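The values are calculated or read from the model by the stated rules, or taken from the named source; none is laboratory data. This one's a predicted model, so the numbers in the text were calculated from it and none came from an experiment. So basically every Cβ, Gly included, is an ideal-geometry build from the backbone, and we count neighbours across all protein chains shown.
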Amino acid sequence: MLKQIEGSHGVAEAVGLCRPEVICAYPITPQTHIVEDLGVLVKGGQITDCEFINVESEFAALSVGIGSSAAGARTYTATASQGLLYMAEAVYNASGLGLPIVMTVGNRAIGSPINIWNDQSDSMSMRDAGWIQLFAETNQQAIDVHIQAFKIAETLSMPVMVCVDGFILTHAYERMDVPDQDQVDRFLPPFEPRQVLDPSDPISIGAMVGPEAFTEVRYMEHHKQLQALEIIPEINKEFKEIFGRDSGGLISTYRADDADTLIVTLGSVIGTISEVIDEMRDKGQKIGAVTIRSFRPFPLDEIHEVLKKTQRVVVFEKCLAVGLGGIVASNVRMAHRGLTTPVYTVIGGLGGRPITRKSLNELFEKAMNDDLEETSFLDLKQDVVDHEIDRAEKFNRSGAIAENVLRQIGVVDVAKTS
Amino acid sequence: MLQVRIHGRGGQGVVSAAEMLSVSAFLEGKHAQAVPSFGSERMGAPVVAFCRIDDKEIRLREPVLEPNALIVQDPTLFQAIDVFNGLPDDGYLLINTGRDIAELGIEKAVARLPEGHVCTVPATEIAMKYVKRPLPNAVLLGALSAITGVIKIESVEEAIKSKFPGKIGEANIAAARAAYESTSTKS
């Protein structure tokens, strides 16, 4: 059914249609509306046979989720930013134990300095924690990927993190097609756990594993993720047959077939990038994009196939490997092996800085002339950082960087108007 | 594509206005995208929200930089921030005020806009009369419908009803209708 609703509400409805049995909720911006809306759906009786558990922290949210999933309940939670960091130990436990929990991350920057706006640093900090990580490009996909996520998780007995750009998607009111219950029921059978804590048939899970077996247990985790490279597209195909939409899979491409310049990205920024690509295509420039929908497992072969047809690659990402450059780019370079074309890394949109058509247009023009540094920052205020670098060289007690930079830029929040 | 930017202060329902505008367009079978300019908003702080309306899917995710229509819920913002930023020469300007343009001191700034594109509505007063609360957002959507015709007043009423069912919604609908009618006769 077509609805004009907030992205968060769409995700809540989608999760509800998956008949979750335990929802653990702890609020953190920009994810809060999702669990609030789920609370309303449970309380209002639209979601039945479900325990909605308010917990005291994110660490508790996922720890309770681990318990309920191990007891055989279909389990959901959501978080963002510092909340994901606070639950980090449980994040690894959920995957190490092989529990098919689905968790939304409303992508947001990580402090310090504290910042509530969107980038993808939070999900990326957990990229190697053993969870499958799927990134939504649109709110429609956010709905659809959550429905697929439960099936992927339960097929593999492995947790899935659905990454949805905070504010940009979670707080946008848009037209979404919310599936019917019977469609979802046809697609997603009841949860049949691979392992279950059952008093009538007692087992123990979570035993200590020593050097004699740890590698093998870890190998199995890796093996399951490699299996996911096949299962994710299969489940997307099944989804398409029932719902008529291609919303998941490993990657998607946009006007990439004959592109000399290929943008590689993930998440909602592909929307604005597609607009810029159309403008440039109208001028006869051969540019296209590939969007990574599954970041873990990382689809090396599928990306390699697209990269090998192009003259240059620009990885555009909303996160930063401090001291290295790109997080996504270093993964893309793995897929680029054996090719000799240049790969440029561009970091943009950090801490919610708007990514505009104008800036992207200039960036892509530069890329096409091979006039880019290997790693660059979109719309970096060079004069501000130069001034701060200079200050740090001149004075030992140069002060707190964040406060110095704020002082230079001016305390008036320019973001309010631009 | 039509782009609307709404300026106001925390507590005035700026975000709800963008949301209701998007629902109005949706009810007419259009695509619409409403987003707040994200911040840790609080009562009284400047707030901005955006709404895009189009016949096809809206992919663009940047803030509205060149609004076709600008709604200003609080005229004291003219002194605080660059409200007119990006407003093109054929843009619409709708201000919640009982005063005229000269009294607001923005005569020069709006001189470039075409006749009939600048409109003042005492939306807070109208809201106080009908809703008994100083919430100008729904009222201004009624006026926007009148001056631009981008959405029908019936769609605005339906959107208000879905956002605020019951008596509050009915009062807001009456207020929006009053603004629509007074604005239509004025221009």
Within segment A:373-418, tally of residues that are part of a loop (DSSP other than H, G, I, E, B), over 30 Å from B:Phe50 (Cβ atoms) and modelled with pLDDT of 95 or more: 2
Strands (runs of 3 or more DSSP E) wholly inside segment A:129-214 that include at least 3 residues being modelled with pLDDT of 95 or more and β-branched (Val, Ile, Thr): A:160-165
If a residue has to be away from chain B (no Cβ under 11 Å) and either farther than 20 Å from A:Ala329 by Cα or surrounded by 23 or more Cβ atoms within 10 Å (Cβ to Cβ) (or both) to count, how many in segment A:349-360 make the cut? 0
Please verify whether B:Asp54 is out of contact with any helix residue (DSSP H, G or I) (no Cβ under 6 Å at 6 or more places or on another chain) and either within 14 Å of chain A (Cβ to nearest Cβ) or modelled with pLDDT of 95 or more (or both), treating the condition exactly as stated. yes
Scan segment A:29-56 for residues that are touching a Ser or Thr at 6+ places or on another chain (Cβ under 9 Å), within 23 Å of A:Asn93 (Cβ to Cβ) and away from every other protein chain (no Cβ under 14 Å) and report the count. 5
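To keep it simple, each residue is scored yes or no on (1) within 30 Å of A:Glu221 (Cβ to Cβ); (2) buried (at least 19 other Cβ atoms within 10 Å of the Cβ).
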{"site": "A:Thr265", "(1), (2)": "yes, yes"}
{"site": "A:Ser268", "(1), (2)": "yes, yes"}
{"site": "A:Gly271", "(1), (2)": "no, yes"}
{"site": "A:Ile277", "(1), (2)": "no, yes"}
{"site": "A:Gly284", "(1), (2)": "no, no"}
{"site": "A:His304", "(1), (2)": "yes, no"}
{"site": "A:Val315", "(1), (2)": "yes, yes"}
{"site": "A:Cys319", "(1), (2)": "yes, yes"}
{"site": "A:Ile327", "(1), (2)": "yes, yes"}
Meets criteria (in the same structural domain as A:Gly111 (by TED's automatic domain parsing), more than 27 Å from B:Ser22 (Cβ to Cβ) and among the β-branched types (Val, Ile, Thr)) for A:Val91: yes
Quick test for you: out of B:Gly149, B:Gly91, pick the one residue that is more than 28 Å from B:Met43 (Cα to Cα), surrounded by fewer than 21 Cβ atoms within 10 Å (Cβ to Cβ) and under 14 Å from the mean Cα position of the chain (by Cα). B:Gly149
Could you check how many residues of segment B:1-38 are surrounded by fewer than 24 Cβ atoms within 10 Å (Cβ to Cβ), within 9 Å of another protein chain (Cβ to nearest Cβ) and in a strand (DSSP E or B)? 2
Counted residues in segment B:128-167 being closer than 26 Å to A:Glu6 by Cα and not in a loop (DSSP other than H, G, I, E, B) come to 22
Output the strands (runs of 3 or more DSSP E) that fall wholly within segment A:1-81 and possess 2 or more residues being under 21 Å from A:Ile143 (Cβ atoms), or say none. A:2-6, A:22-25, A:75-79
Matching residues in segment A:7-26 - criterion: being surrounded by fewer than 24 Cβ atoms within 10 Å (Cβ to Cβ) and within 14 Å of chain B (Cβ to nearest Cβ): A:His9
